[in-house]
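The block underneath contains the structure these notes are about, expressed in structure tokens.
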Amino acid sequence: MFDPLELLLPLPVYLVLVLTALAAYGLLPARKRVPMAVRGLLVVMAAWSWLMTTPALANLAVRVLEGSPDESGQAVMQSGNAPLIIVLASGGMKSRDGRPRPRLDASGWERLRAGIRLWHQTGGTLLFTGGPDGNPEHSLAGLMRAIAMESGVPSSAILMASHSLTTYEDIAATRTAAADFSGRVWLVTSALHMPRALGVAARLGMDVEPRRCDFIQIEAPTWRAWLPDNGGPALWSAVLHELAGRAYYRLRGWSD
């Protein structure tokens with residue numbers, strides 16, 4: 001919901017308006033003294049700022065990467081053997097002074113919730129990932145384990161891979177445990193992050209079933225989504241981060 005107080009902040013809409021005004025000023029016939037290159041640059045900057053601050057356009061890219069949210073809500077088919085549910089961590093691992101300080105971010109909480117919810121549907125074992133290396137209790141995996149136990153999951157149904165720092169290390173640390181399970185192996189992570197995670201699993205020879213969560217796409221954008229907004233850069237930032245991550249993983253040979 002739009003908060004009028006946001007108008008007091010340096011919103012992207014102000015940048016778009018300023019650049020548009022400058023571009024229009026440079027194109028006026030009476031402003032021939034403005035070099036053609038400068039005029040063109042102003043027009044390009046105005047268009048670029050509008051494109052990168054418009055949530056509706058960023059949302060198109062997000063929807064392509066995430067897929068349809070409807071598919072993630074399908075009923076879980078029960079199997080004869082208890083499954084393994086791998087939950088990939090997301091959050092901060094250390095404080096600014098370098099001391100271990102695990103903290104889940106918004107995506108981390110969504111993944112944890114989705115993993116616990118799936119466990120309540122299927123049973124089996126939860127496997128939490130995430131470092132930093134050292135004391136397992138002072139890791140993202142340890143933090144998720146504590147929260148899961150507070151949510152009714154017994155300690156006997158929880159495993160941890162608490163020394164991993166990246167997506168590749170997260171999944172690689174679960175490979176041995178996944179190989180020991182005869183049931184289904186679920187992989188829980190954010191929808192935007194899932195293609196990269198599946199690519200890593202495939203490269204490691206792991207057969208996993210995706211459980212996407214934490215969708216950030218706008219399901220029913222209104223006309224306001226076509227106006228510059230702080231939400232636009234945030235969506236584009238997530239898209240660019242994930243695209244860069246996929247390219248880097250493929251370059252390193254970590255992902256298919």
Does Gly199 satisfy being in contact with a helix residue (DSSP H, G or I) (Cβ under 6 Å, 6 or more places away or on another chain) and in a helix (DSSP H, G or I)? no
Residue list for the range 165-185, filter: buried (at least 24 other Cβ atoms within 10 Å of the Cβ) and outside any helix (DSSP H, G or I): Thr174
Residue tally, condition within 12 Å of Met93 (Cα to Cα) and hydroxyl-bearing (Ser, Thr, Tyr), over the range 130-162: 2
Any residue in the range 96-122 that's among the β-branched types (Val, Ile, Thr): show its pairings with residues that are surrounded by fewer than 20 Cβ atoms within 10 Å (Cβ to Cβ) and in a loop (DSSP other than H, G, I, E, B) at Cβ separation under 7 Å, as long as the two are six or more apart or on different chains. Ile116/Ser151; Ile116/Val153; Thr122/Val76; Thr122/Gln78
Filter the range 80-99 for residues that are within 24 Å of the chain's Cα centre (by Cα) and surrounded by fewer than 17 Cβ atoms within 10 Å (Cβ to Cβ); which is nearest to Phe215 (Cα to Cα)? Gly92
Determine which member of the set Leu118, Leu41, Leu127 is over 27 Å from Glu169 (Cβ atoms), hydrophobic (A, V, I, L, M, F, W, C) and not in a loop (DSSP other than H, G, I, E, B). Leu41
Given the structure, is Ala47 surrounded by fewer than 17 Cβ atoms within 10 Å (Cβ to Cβ), more than 30 Å from Cys213 (Cα to Cα) and modelled with pLDDT of 75 or more? yes
Of all the residues that make up the range 213-256, how many are touching a His at 6+ places or on another chain (Cβ under 9 Å) and not in a loop (DSSP other than H, G, I, E, B)? 2
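The values are calculated or read from the model by the stated rules, or taken from the named source; none is laboratory data. Predicted model, so just to flag it, every value in this text is computed and none were measured. Positions of Cβ are generated from backbone atoms using ideal geometry, with glycine treated the same way; all protein chains shown enter the neighbour counts.
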